[in-house]
Ligand code: 5AD
Ligand code: SF4
């Protein structure tokens, strides 16, 4: 008998990956994905704890799900409700106290035990809590990937973080840094390619801290591979057309990774490299372990290796103690480096992190003003970057149908979304597209007849 599974995913791409794996995990026991929570037998909220707003969204969603669960119960059926991810890890049993409709709470390191937890919750009707960091790595217990994959697929290679930036919950919710062995990653990549993936985005909270066991027989000194070595091995795999990785830390950009940007054509010239602030004082208080000069030098090394590299970053405004001149240093750094795209946030105190206890919190109004100023500049840079693409021929990997009939959407090497009229058979193909216009976040173009000029 089939059962309906609804998963709602919040937050980062790691959660998107985890949700896909949970879907695969539940398939053999009869759960098929459904697009809405109404009528579902199992509802999973895969949550994010990075900022207060993200965490609060979960509770408002649970309010709506409560009504759906009650409606289903009236017709004599059960709806099992689970909260997964980082809110689950951070708040644990508190979630069940605040939202009694929740049957299961489990953290990011426990989801391979989902079938067992669902069975227990269904049998007992009581709450099931698993926020442990089990000794057995969950990847060993996950089934092999399903037989159809997105054109652009995510692959988690590393989890957790040992950096302990003073604003961040990740080291607490995702735990200590852990890298998967290279052999396991390459096997998963091979299956993704066989299932139709052309682009692979390697994921990790601190992805360039990657140091997994080397491929047997190809060990170098130390027996481990870094990210640069892993990227080279992946690029050698037939069918892998494009490689990306995210999110990286400026401290962990080593020479091998820079060299990969120089030598590996499949490694796309776009890098999300968060700097967070342009003030050395603030970076020190954030425990970022890099200065603005370190960042400048790293960007220079990367651009020397790959001159067309475009950058993206995360920024936090209103970190405790951030003065006007600290903030202006951020504005100056943005002007100097130039970003193709970026995310910026108001500092949000997270329970249990050192910065939350700092007495020098910045008033919300000041944060609002700074965020508006920074975002205006970042938007302007993004617009300029996109406008510079107009008239150029870009190789676009088409991923899915667009909003209008006959239209497809794909990505340029710089991760810009590109719309063009093309047949559905072009999904999964890289085609040369002449860019006609740039609007907001996306580009529109026409497939070039002769294909000349695009690689
Ligand atoms: N407040 C605001 N932004 C945060 N981020 C992480 N923690 C916080 C916080 N407490 C941002 C950082 C990080 C991104 C994923 O979220 O910029 O790079
Ligand atoms: Fe959080 Fe990234 Fe800092 Fe790790 S490196 S603590 S994930 S912001």
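Contact map, segment 254-274: first residue closer than 22 Å to residue 239 by Cβ, second residue assigned to a strand (DSSP E or B) and within 16 Å of ligand 1 (Cβ to nearest atom), Cβ cut-off under 6 Å, separation 6 or more or different chains; the map is empty.
Between 315, 343, the distinction of being surrounded by fewer than 15 Cβ atoms within 10 Å (Cβ to Cβ), within 16 Å of ligand 1 (Cβ to nearest atom) and not in a helix (DSSP H, G or I) belongs to 343 only. None of 149, 182, 187 is within 30 Å of residue 429 (Cα to Cα) and either within 16 Å of ligand 1 (Cβ to nearest atom) or without any contact (Cβ under 8 Å) to a residue 12 or more places away in the chain (or both) except 187. List the number of the failed condition for residue 33; all other conditions in (1) on the phi > 0 side of the Ramachandran plot; (2) at pLDDT 95 or above hold. Among (1) on the phi > 0 side of the Ramachandran plot; (2) at pLDDT 95 or above, the lone unmet condition for residue 33 is (1). Would you please name the residue that is surrounded by the most Cβ atoms within 10 Å (Cβ to Cβ), looking only at residues in segment 239-259 that are more than 14 Å from ligand 2 (Cβ to nearest atom) and in a helix (DSSP H, G or I)? The residue in question is 257.
Please go through segment 305-317 and give me each residue that is in contact (Cβ under 8 Å) with a residue 12 or more places away in the chain and away from ligand 2 (no atom under 16 Å from the Cβ), ordered by number. Within segment 305-317, 305, 306, 308, 309, 310, 311 qualify. When segment 137-155 is filtered for residues that are at pLDDT 95 or above and either within 16 Å of ligand 2 (Cβ to nearest atom) or part of a loop (DSSP other than H, G, I, E, B) (or both), only 151 remains. Taken together, 262, 296 contain a single residue that is within 24 Å of residue 376 (Cα to Cα), under 25 Å from the mean Cα position of the chain (by Cα), away from ligand 1 (no atom under 16 Å from the Cβ) and in a helix (DSSP H, G or I), which is 296.
Return yes when residue 390 is under 23 Å from the mean Cα position of the chain (by Cα) and modelled with pLDDT of 95 or more and no when it is not. No, not satisfied.
Going through (1) away from ligand 2 (no atom under 16 Å from the Cβ); (2) not assigned by TED's automatic domain parsing to the domain that holds residue 159 one by one, residue 287 falls short only on (1).
Each residue in segment 274-300 was checked for being surrounded by fewer than 17 Cβ atoms within 10 Å (Cβ to Cβ) and over 18 Å from residue 325 (Cβ atoms), and 5 of them qualify. Answer yes or no as to whether residue 21 is away from ligand 2 (no atom under 16 Å from the Cβ), assigned to a helix (DSSP H, G or I) and modelled with pLDDT under 95. Yes, satisfied. If the condition is being under 18 Å from residue 417 (Cβ atoms), in contact with a strand residue (DSSP E or B) (Cβ under 6 Å, 6 or more places away or on another chain) and not in a loop (DSSP other than H, G, I, E, B), then segment 352-394 contributes 378, 382, 386, 387, 393, 394. When we screen 214, 176 for residues that are more than 16 Å from ligand 1 (Cβ to nearest atom) and under 30 Å from residue 359 (Cα atoms), the only hit is 176. Residues in segment 26-45 that are outside any strand (DSSP E or B) and either in contact with a strand residue (DSSP E or B) (Cβ under 9 Å, 6 or more places away or on another chain) or without any contact (Cβ under 8 Å) to a residue 40 or more places away in the chain (or both): 26, 27, 29, 30, 34, 35, 36, 37, 38, 39, 40, 41.
For segment 395-429, the set of residues classified as surrounded by fewer than 18 Cβ atoms within 10 Å (Cβ to Cβ), free of Cβ contacts under 8 Å to residues at least 24 places away in the same chain and outside any strand (DSSP E or B) consists of 403, 404, 405, 406, 423, 424, 425, listed by residue number. Those helices (runs of 4 or more DSSP H) of segment 160-235 that lie entirely within it include none in which at least 1 residues are modelled with pLDDT of 95 or more, within 16 Å of ligand 2 (Cβ to nearest atom) and on the phi > 0 side of the Ramachandran plot.
Residues in segment 265-275 that are over 17 Å from the mean Cα position of the chain (by Cα) and part of a strand (DSSP E or B): 267 alone.
Among the residues of segment 290-304, which ones are away from ligand 2 (no atom under 12 Å from the Cβ) and in contact with a helix residue (DSSP H, G or I) (Cβ under 7 Å, 6 or more places away or on another chain)?
291, 292, 294, 295, 298, 299, 301, 302 - these are the residues of segment 290-304 that are away from ligand 2 (no atom under 12 Å from the Cβ) and in contact with a helix residue (DSSP H, G or I) (Cβ under 7 Å, 6 or more places away or on another chain).
A single member of 370, 392, 350 is surrounded by 14 or more Cβ atoms within 10 Å (Cβ to Cβ) and within 30 Å of residue 198 (Cα to Cα), and it is 392.
The values are calculated or read from the model by the stated rules, or taken from the named source; none is laboratory data. Predicted, not measured: the structure shown is a model, and the values here were computed from it. Reconstructed Cβ throughout: ideal geometry from the backbone, glycine too, with neighbour counts over all protein chains shown.
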